[in-house]
Each structure stands twice: as C-alpha cells, then as structure tokens.
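Quick note: the coordinates plus some simple rules give every number you see, no bench work behind them. As the structure is a prediction and not an experimental result, all values here were calculated from the model. Neighbour counts are summed over all protein chains in view; Cβ atoms, including those assigned to glycine, are modelled from backbone coordinates with ideal geometry.
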Amino acid sequence: MAVKLAKRVASISYEIRDIVARARKVASTGKKVHWFNIGDPNQFGFKPPQHITQAVMDALKDPKYTAYCPSEGDPQLREAIAKLEGVDPSFVTIHNGLSEGIDFLFQALVNPGENVLLPSPSYPLYNTKLRVFDGVDNFYKTDQNFIPDTEDIRKKINKKTKAIVVINPNNPTGAVYPKKVLQEIVEIAIEANIPIIADEIYDKLTLEEDQAINLRTLTKDHPLISGNGLSKNFVYPGARVGYLALHGEGMEPLRDALVKLCNQRLSVNWEMQRGALAAFTMPLSHLSELKKELKKRRDIVFKGLNSIKNISCAKPNAAFYSFPQIESSKFRDDREFVYALLEQTGVLVVPGSAFSPVLPGKFFRLVYLAQPEELHEALAKIERFMETHS
C-alpha cells in the first residue's frame, strides 16, 4: 500500500540543491564537476572568524549550554541584536538560519489565496514557502541591472497582498539597491499599509561600498521585519543561526505569533548562538580580506562571462553570485542549457527560472566562490560549449 502524501509536498522545489543528483551522476562518470550551484563559502576554503568558532568551543565546554535554550533565543544574543537593530529585545527572535525565520513569517502572515510581493528573480525559498502555505505568486519586475521597478510594485499590490519582500543585496543577482529606490518602496508600503520584509543577510558583503543601506534607516515607524544571520556576512552557513527583528508600530501580534512558533520547535542550538553573540559584538575585522577575495573572483567572472558569445552579465556589486543571460536561440529554455552544460562540461550552475517563473529571457546563476584558477578553467569550458552551440 503506497503512503499518500499531502498535496503541499508537490509545491516544494529548491533546484539549487535538487540539481545535485544530476551532478553526482556526471561525477560518477569520471568527469570533473565545478560545483557553482550553492553559495557556501566554506566549501571553497573560506572560514568563519576565529573568535566566533572559539566562542562556540568555549560554549561546548560549559554544561549550561547543553540544556534547552529559551525558545526565543539566547537572552544576551537577543540584547546584542536589539542594540544593532534599534529595537527592544522582545522584538527579536532567533532562528535555525534565516530560512526558518522566513518559514515562520509566512506561517504567521499568509492565509490561503493571499500573496507576498517578491522580486523577480528572488531567492527560491520565498516562493516555495508561499506555495506551501497556499499563497499566490506575485513577482515584481526588476530592470536590466536587477534593480526593482517601483512602478510595477505599485501596480502589483492588491487587497490580498500581505507584505513586500526586499532582498538587498540580492540573491541571486548580486545587485545592490540605491537609496532612492528603497525610499520609493517604503513610500509605496506606507500608502498600501503593508509591512516590508527586508532580507539583508548579505548587507556587509558589498564590493563597491562599505555596506548596503539597511531599510530600518528609512522606514521610521512603518512595520518592517529585518532578517539577518551568520551564514554569509560571517562565513558560517553551517551554524544555522539567523534572526528576525521587528520594527515599527503595531508589531505586537506578529511578535506573539513568532514566539508561539518558536515555542513549538523548542529552541536553536545554544552553543552556536554563543558564536553568534561573538559575531554581533566583536569587530568585523575579517571583512576587508573577505571582500578583497570576493572582488577578485567577481572581476574574473564578470569579464569572462561578457567575453563569451551569446552570454551577457550585469555586474554583481555584492555577495558571490552572477546572473548571466543566455542570448542563444539554440536552447529551448534555461533548464535545457544548464543540463547540457553540466553533462558536456561538468560546470554546474542553476537555471534562472528556479528563481522566478516570469523572467524576461533565459538566465542562470553562477556562484563565483571557487579559486581564480578554477573559475578561469570553468569559463573556458563555457566558452567552448557556447561555440559548439552557436
């Protein structure tokens, strides 16, 4: 007798990892695979700052941290984050990565048939979670440099829109949003009386400026949910520690709902939260060298991709992603391109349609965390591949 699954399972898709099964088959043939699908710096030799891992090791030696942590998070960590965010600690909740925070937010906010405005392209977890909770897709356009089209945001808002998601700096494109655009988004949210969800997990990894503009500096009393964590800025994705901070008026009901959801999952690993406390209270001395290395790799990929026939790429200004466009008619869609590229060259990237079903063309995401030598090798393979498919 077959086990009958819930209908919601069919709506779950995360091609960034789903594509790995195909890559393993290619690797089993002896072909070298370039794993450019997942934004995990640690797989490419980057490491968290030593003071963070030391704080984790110290916590592992203290029996106190083998107990359940308070459900909302370590009190000292919440106080430290509250100070950074400019909110009361009671409006900060700690999560098993920002991904869990997104899950809890959508559980708390979205009823069946309602929608959340998402950038196109967007981090796919947002769309997947929206569908799991019977929400409706509502993507807003971005321009050729992947900056939000604020007029399209205004047009897409309807009576069932619950929030606007802003991912800045952006995954999957590496775009950094100008202050003028962010201010316009805030004004639209105020007019529509809906909150903003600000995913700012890459805010310290800008490559042309000190850091991205945090929306909390623009929203004043308007409801804003800020999300951040250890994964990217602190090069510690395996720690699985993220947070949500609630800003503005009228956030008590959402805070109480998030606490309920935190209670039902018990707690986040306490030792790792002590590492997060070190991260958010000590100097960001690692950033200069990290950004130097990322910029070096960004420049190689940006120049290399734009030198390949029938591929063009907007310049990524943050994080470690590029989002090139495929301008060849030889491929039916971006999945056909990505699968053929993998099987023929071993270069593993992610189809752009995994990040939005309404993109104006064929795209793919390439993670540029690998060593420069490997990036050059992979770019040469992509160039030869495009020549054979011209």
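How far apart, in nm, are two points set 7 Å out from the Cα along the Cα-to-Cβ line at Arg154 and at Thr217?
Result: 2.5 nm between the two label points.
What is the distance, in nm, between label points placed 7 Å from the Cα along the Cα-to-Cβ direction at Gln43 and at Ala67?
Taking the simple label geometry, Gln43 and Ala67 are separated by 3.8 nm.
Return the distance in nm (one decimal) between the two label points of a simple spin-label model at Arg22 and Val358, each offset 7 Å from Cα along Cα→Cβ.
If labels sit at Arg22 and Val358, their model points lie 2.5 nm apart.
For segment 50-281, give me the percentage of DSSP beta bridges that are antiparallel, rounded to the nearest 5 percent.
45
Sort Val181, Val241, Val358 so the one with the fewest other Cβ atoms within 10 Å of its own Cβ comes first.
Val358, Val181, Val241
Want the number for Gln344 to Lys292: 0.36 nm per residue separation, take away the alpha-carbon distance, what's left?
Length difference between fully extended and current span is 15.5 nm.
Once the Cα atoms of helix 50-60 and of the chain are each reduced to a long axis, what angle between those two axes, in degrees from 0 to 90 to the nearest 10, is obtained?
For 50-60 against the chain, the angle is about 50 degrees.
Report the extension gain between Ser13 and Arg384 in nm, rounded to one decimal, defined as 0.36 nm multiplied by the number of residues separating them, less their alpha carbon distance.
Roughly 130.5 nm would be gained on extension.
Angle between the Cα long axis of helix 372-388 and the longest principal axis of the chain, 0 to 90 degrees, nearest 10?
50
Size of the dipole of the chain about the Cα centre, Lys and Arg at +1 and Asp and Glu at -1 on the beta carbon, nothing else charged, in debye to 20?
The calculated dipole for the chain is roughly 1060 debye.
For segment 205-295, state which trypsin sites (Lys or Arg not before Pro) are in a DSSP loop and have at most 14 other beta carbons lying within 10 Å of their beta carbon.
Counting only loop positions with at most 14 other Cβ atoms within 10 Å, the trypsin sites (Lys or Arg not before Pro) in segment 205-295 are Lys220, Arg265.
I want the antiparallel fraction of DSSP beta bridges within the chain, as a percent rounded to 5.
DSSP beta bridges in the chain are roughly 55 percent antiparallel.
Here are some pairs, Lys31/Lys315; Lys162/Lys204; Lys83/Lys260; Lys204/Lys303; Lys204/Lys296; which of them have Cα atoms lying more than 26 Å apart in this structure?
Lys31/Lys315; Lys162/Lys204
Give the average over all directions of the projected area of the C-alpha convex hull of segment 50-281, one decimal, in nm².
12.0
Please check: in the Gaussian network model of the chain (C-alpha springs, under 10 Å), which one of Ser353, Ser28, Ser226 has the largest mean-square fluctuation.
Judging by the Gaussian network model, the answer is Ser28.
Where Lys and Arg each count +1 and Asp and Glu each count -1, what net charge lies around Val56 among other residues with Cβ under 9 Å from its Cβ?
After counting each charged neighbour, the total is -1.
Go through Lys155/Lys291; Lys179/Lys232; Lys160/Lys220; Lys156/Lys292; Lys7/Lys159 and tell me which ones have a Cα-Cα distance over 28 Å in this structure.
Beyond 28 Å between Cα atoms: Lys155/Lys291; Lys156/Lys292.
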